[in-house]
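Asks: Structure below; questions to follow.
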Amino acid sequence: MLAACCLLLAAGAHAAGHFDVDDASTLDPGQCQYETWWGRTGVEPVTGFHFGPACRVGPVELGLNFDRTSVAGVHTVTGGPQLKWNFYGQAPDAPFSAAVSMGAVFDLKRGGRAGGQFVVPVTWRPFDSLQVHANLGADWANGTGARTSRKGAAIEWALNDTVSLIAERNRASNVWTSRVGGRFSLTPLISVDVSTSRTGPQGVRGFVVGLNHEFSWK
């Protein structure tokens, strides 16, 4: 069950839609959003559902993450808080920006020792239409508290105001995942993400579709 979940839910906390590599940006003051996605991978298969609301509170972005994963009739439900702080390059058009993101993950069905995540995401914008993201951090597994490193890089290319292409390579839970997909803006505040991935030496295939909605709470 643990190995299967790692294929689909390598991240304990998500802040870039369903993509594994996070960017360094945060919500603007007074803004909130929710991210939700559904994914499937493997032959068995493993399916997962995620829901994550977040709001900008003062200088930081505070969020909650809830995930349900199912494989071979066995279900796991996890959830926990997340905090993200952009400490450098807060302007939307900043050529370089950096942040820290941290969160806790609890098994809501079985209890036990909490897991967690700590990541430093950085973003470089060489052009208005091109962003390069890099992540470095660690994950702590639920139950055992075992620590594994996390690292990855992604390229995001905006074809126009409504379509962006994303390609990434990420290592989490000692497994590499390659993912390609796109983000399609239905409105300036609502977007849909779609991606396909290959994970591990066997190249296990996965597919995810997600919805992101930003709104004002003031």
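Asks: Criterion first (more than 26 Å from Pro45 (Cα to Cα), in contact with a Phe, Trp or Tyr (Cβ under 9 Å, 6 or more places away or on another chain) and not in a strand (DSSP E or B)) does Ala99 satisfy it? Spell out how you get there, then give the answer.
Replies: Details: more than 26 Å from Pro45 (Cα to Cα): yes; in contact with a Phe, Trp or Tyr (Cβ under 9 Å, 6 or more places away or on another chain): yes; not in a strand (DSSP E or B): no.
No: the conditions fail for Ala99.
Asks: Among what's in segment 160-188 and is within 24 Å of Ala138 (Cβ to Cβ) and among the hydroxyl-bearing types (Ser, Thr, Tyr), pick the residue that is surrounded by the most Cβ atoms within 10 Å (Cβ to Cβ).
Replies: Per the criteria, the residue is Thr177.
Asks: If you go through segment 190-204 one residue at a time, do you hit one that is under 23 Å from Gln31 (Cβ atoms), in contact with an Asp or Glu (Cβ under 7 Å, 6 or more places away or on another chain) and not small (Gly, Ala, Ser)?
Replies: Taking segment 190-204 as the starting set, the residues that turn out to be under 23 Å from Gln31 (Cβ atoms) are 190-193.
When the remaining residues are screened for being in contact with an Asp or Glu (Cβ under 7 Å, 6 or more places away or on another chain), the result is none.
Checked against the condition, which is being under 23 Å from Gln31 (Cβ atoms), in contact with an Asp or Glu (Cβ under 7 Å, 6 or more places away or on another chain) and not small (Gly, Ala, Ser), segment 190-204 yields no hits at all.
Asks: Now, a different point. Please enumerate the residues belonging to segment 139-179 that are of a type in the set (Val, Ile, Thr), without any contact (Cβ under 8 Å) to a residue 40 or more places away in the chain and in a strand (DSSP E or B).
Replies: Taking segment 139-179 and keeping what is of a type in the set (Val, Ile, Thr), we get 144, 148, 155, 162-163, 166, 175, 177.
Next, only the ones that are without any contact (Cβ under 8 Å) to a residue 40 or more places away in the chain stay: 144, 148, 155, 162-163.
If the condition is that a residue be of a type in the set (Val, Ile, Thr), without any contact (Cβ under 8 Å) to a residue 40 or more places away in the chain and in a strand (DSSP E or B), then Thr148, Ile155, Val163 are the ones that fit.
Asks: Please go through segment 39-78 and pick out each residue that is farther than 15 Å from Leu27 by Cβ, acidic (Asp, Glu) and buried (at least 22 other Cβ atoms within 10 Å of the Cβ).
Replies: Asp67
Asks: Report, by residue number, each residue of segment 192-215 that is without any contact (Cβ under 8 Å) to a residue 24 or more places away in the chain and not in a loop (DSSP other than H, G, I, E, B).
Replies: Selection gives Val192, Val194, Thr196, Arg198.
Asks: Quickly run through segment 122-138 and pick out the residues that are closer than 24 Å to Asp161 by Cβ and part of a strand (DSSP E or B).
Replies: Going through segment 122-138, the residues closer than 24 Å to Asp161 by Cβ turn out to be 123-133.
Across segment 122-138, the qualifying residues are Thr123, Trp124, Arg125, Pro126, Phe127, Leu130, Gln131, Val132, His133.
Asks: What number of residues in segment 97-152 are surrounded by fewer than 20 Cβ atoms within 10 Å (Cβ to Cβ), under 16 Å from the mean Cα position of the chain (by Cα) and of a type in the set (D, E, K, R)?
Replies: 1
Asks: For segment 92-100, does any single residue satisfy the condition of being in contact with a strand residue (DSSP E or B) (Cβ under 8 Å, 6 or more places away or on another chain), β-branched (Val, Ile, Thr) and modelled with pLDDT of 95 or more?
Replies: Here is the first cut: in segment 92-100, the ones in contact with a strand residue (DSSP E or B) (Cβ under 8 Å, 6 or more places away or on another chain) are 93-100.
Pick out the ones that are also β-branched (Val, Ile, Thr) and you get 100.
Among the residues that remain, those that are also modelled with pLDDT of 95 or more are: 100.
Yes: segment 92-100 contains one or more residues that are in contact with a strand residue (DSSP E or B) (Cβ under 8 Å, 6 or more places away or on another chain), β-branched (Val, Ile, Thr) and modelled with pLDDT of 95 or more.
The values are calculated or read from the model by the stated rules, or taken from the named source; none is laboratory data. Fair warning: this is a prediction, and the values are worked out from it, not measured in the lab. Methodologically, a virtual Cβ is constructed for each residue, glycine included, from the backbone with ideal geometry; neighbour enumeration extends over all protein chains shown.
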